[in-house]
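I have placed the structure first, in the form of structure tokens, so that the comments after it can refer back to it.
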Amino acid sequence: MPASRRTTSIAVAAALAVGVVAAILLGRPGGFGTRAASRPCSSYPTPGTAAPAGTKVSAGLAAEYSVLSAPQRPIDRLSPGQVASLGASGLIMSGTRFVGDAAFGGRIYLVPAEHLLSLRMAPPRCLTPVQRTIEQESLPVLRSEYRQAALCIAVLDGNGRTQECDPATGTPYPLLSARGTPGFGLVPNGVSAVTVTYWAAPPRTVAVHRNFFAIVVPSQAAPPCGVQWLDPTGNVKRTVFGCSYLITERQELDEYRGYLAGKLSTLRSQLATLSAAIGSGNPAKAQAAWLSAHLTWLEIGQDDGAYGCFGTLGGEIDGLAAGHPLGTADPGFTGFHRIEFELWTKRNLATAATDTATLEHLLGQLVKVPLSTYLPATATGIGNWLLRPHEVLEDAARDSLSADDDYGSGTDLASITADVAAVRTLLSELEPALVPVAPQLLEDARAELAALIGAINATHANNAWVSIEDLPIRQRQQIDADVGAALETLAPIPDLLTSTGSNSPNN
């Protein structure tokens with residue numbers, strides 16, 4: 001995926017849009033002067049809010065899905081609290097319909113809305129500087145979303161909650177899955193039955209009822225990977241390809257967020273230790289504390305602001321001097337490598353203390369923003385997250401194996417071990433989705449990562465790290481080869497597991 005596309009995708013998935021967009025969309029005149037400052041943030045569209053009483057589903061939508069033109073029954077009604085987290089605004093509460101049962105007592109509802117809106121829009125004064133930076137590229141997408149009516153699917157009161165919203169035009173949600181319900185979806189009038197196919201389970205054919213189908217098999221974990229719509233005579237009206245992994249991957253992403261939160265908490269303590277070590281005047285103690293903290297940062301899978309997860313803050317925390325006009329002397333060169341340069345190359349504890357205080361402030365800014373902003377559980381956000389097992393190690397090959405990020409400590413091999421730890425964590429979290437489709441990939445990747453760690457461990461001299469530049473050529477070649485082999489094995493993961501783009505089950 002091109003870098004520009006990755007940046008845009010992450011910004012779109014993570015953003016909270018600024019008020020100028022809301023002004024354009026809602027037809028509000030005026031700029032953002034004193035008059036705009038008096039407007040409350042809540043005056044802008046908010047996902048999950050209801051349309052005015054009496055709002056009806058459009059005639060065209062009701063004609064395409066007869067369930068929406070049928071009278072609303074008591075079982076069809078939902079409370080505002082049950083739909084508050086949907087990614088749409090102007091929810092038409094009179095149009096909500098119960099459409100089927102899911103596993104573990106879940107109930108599946110169809111909810112129409114006037115506007116698709118995945119993220120709340122707010123004026124700049126309601127956003128932090130970090131949020132304003134992240135959202136800059138999201139404005140065209142949010143404009144486009146808001147102009148479209150939406151159909152949402154909500155699975156309530158089961159084992160976990162599934163909520164999805166999609167444009168009402170086209171083919172919204174032909175194929176979804178949830179734990180114990182490996183296949184459900186919305187189909188238009190004229191489809192009498194569907195056949196759902198799987199990579200790791202036999203196909204299943206079920207009847208359509210009220211424009212909806214649901215396959216309930218609590219024991220089946222395999223996600224659906226295709227569906228055929230059948231007319232009353234059994235002829236295939238349409239075939240939808242692609243695998244529905246999002247539900248599984250959301251659970252896996254949530255595990256990663258928990259892992260990340262723990263690492264960030266540890267890092268804050270380690271930076272306090274680093275500050276104290278520098279203050280003690282003991283260079284060796286300060287260097288050891290720096291290395292411990294830096295490895296913790298790398299273990300989260302975020303090397304040098306990798307592919308925009310933490311935006312500009314990632315680069316400020318662990319960026320390089322390259323690209324700064326004054327190089328290592330540039331005030332914009334901050335973070336771990338700036339401290340490394342002061343501790344090892346300049347040997348200046350006073351400036352290292354100042355740089356550590358700056359790093360503590362940067363980390364404080366980072367943890368103020370919810371992890372769901374940096375790692376959103378949207379299709380695009382998960383698609384970007386799936387790049388990480390490969391990209392974290394690719395960053396190691398680019399920066400650490402080249403020694404481009406060595407500012408005097410000679411600890412690039414230690415950095416690679418931390419990158420490997422991050423990749424191993426990611427693979428463990430992705431295992432439930434990977435095993436059904438690529439069990440050998442997981443086995444091969446783990447073996448290659450173990451070989452890489454073995455090659456690195458063999459370089460130790462007197463239990464100390466050896467710099468990349470001081471490695472014997474044979475050992476350096478072996479490490480290069482092991483990194484290359486692991487990268488080749490990890491590369492297919494996004495294509496295997498992604499539920500977006502060409503692999504999205506909506507074409």
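A short reminder: the numbers here are calculations on the coordinates, not readings from a lab. As the structure is a computational prediction, the values presented were derived from the model and not from experiment. Positions of Cβ are backbone-derived with ideal geometry, glycine not excepted, and every protein chain shown enters the neighbour counts.
Things worth noting here:
- Cross-link partners for LYS368 among the aspartates and glutamates, with Cα-Cα distance under 15 Å and sequence neighbours closer than 8 places in the same chain left out: GLU360.
- For VAL208, the residues whose amide H sits under 5 Å from its own are ALA193, VAL194, ignoring neighbours fewer than 5 places away on the same chain, with H placed 1.01 Å from N.
- Residue-wise HN-Hα coupling along the range 322-328, computed from phi with Karplus coefficients 6.51, -1.76, 1.60 (Hz; x: Gly, Pro): 4, x, 7, x, 9, x, 5
- Rounded to the nearest whole Hz, the Karplus-based 3J(HN,Hα) values (6.51 cos²θ - 1.76 cosθ + 1.60, θ = phi - 60°) of the range 109-120 follow the sequence 10, 9, 10, x, 8, 6, 9, 7, 7, 6, 9, 5, with x at glycine and proline.
- For GLY100, distant residues with modelled amide H under 5 Å away: ILE108
- Charge dipole (debye, nearest 20) of the range 284-430; +1 at Cβ of Lys and Arg, -1 at Cβ of Asp and Glu: 340
- Nearby aspartates and glutamates by direct alpha-carbon distance to LYS346 (threshold 15 angstrom, same-chain neighbours under 8 apart not counted): ASP330, ASP355, ASP406
- The Cys residues in the chain with no partner Cys Cβ within less than 4.7 Å of their Cβ are CYS309.
- Efficiency of FRET between SER428 and ASP480 - r from beta-carbon atoms, R0 30 angstrom, step 0.05: 0.70
- The chain, dipole about Cα centre (Lys/Arg Cβ +1, Asp/Glu Cβ -1), debye to the nearest 20: 2400
- Cα-based helix-to-principal-axis angle, 283-299 vs the chain, degrees rounded to 10: 20
- Computed from backbone phi, the HN-Hα couplings of the range 190-200 come to x, 9, 9, 7, 9, 10, 9, 10, 9, 7, 10 Hz, rounded to whole numbers (Karplus: 6.51 cos²θ - 1.76 cosθ + 1.60, θ = phi - 60°; Gly and Pro given as x).
- With all pairs of separate Cα atoms included, the chain yields a Kirkwood hydrodynamic radius of 25.1 Å.
- Euclidean distance of C-alpha centroids, the range 314-335 and the range 378-421, integer Å: 18
- Taking 0.36 nm per residue of separation and subtracting the Cα-Cα distance, full extension of the segment from ALA464 to GLN251 would add 72.8 nm.
- In this structure, the amide hydrogen of GLY183, modeled 1.01 Å from its nitrogen in the peptide plane, lies closer than 5 angstrom to those of ALA178, ILE215, counting only residues at least 5 positions away or on a different chain.
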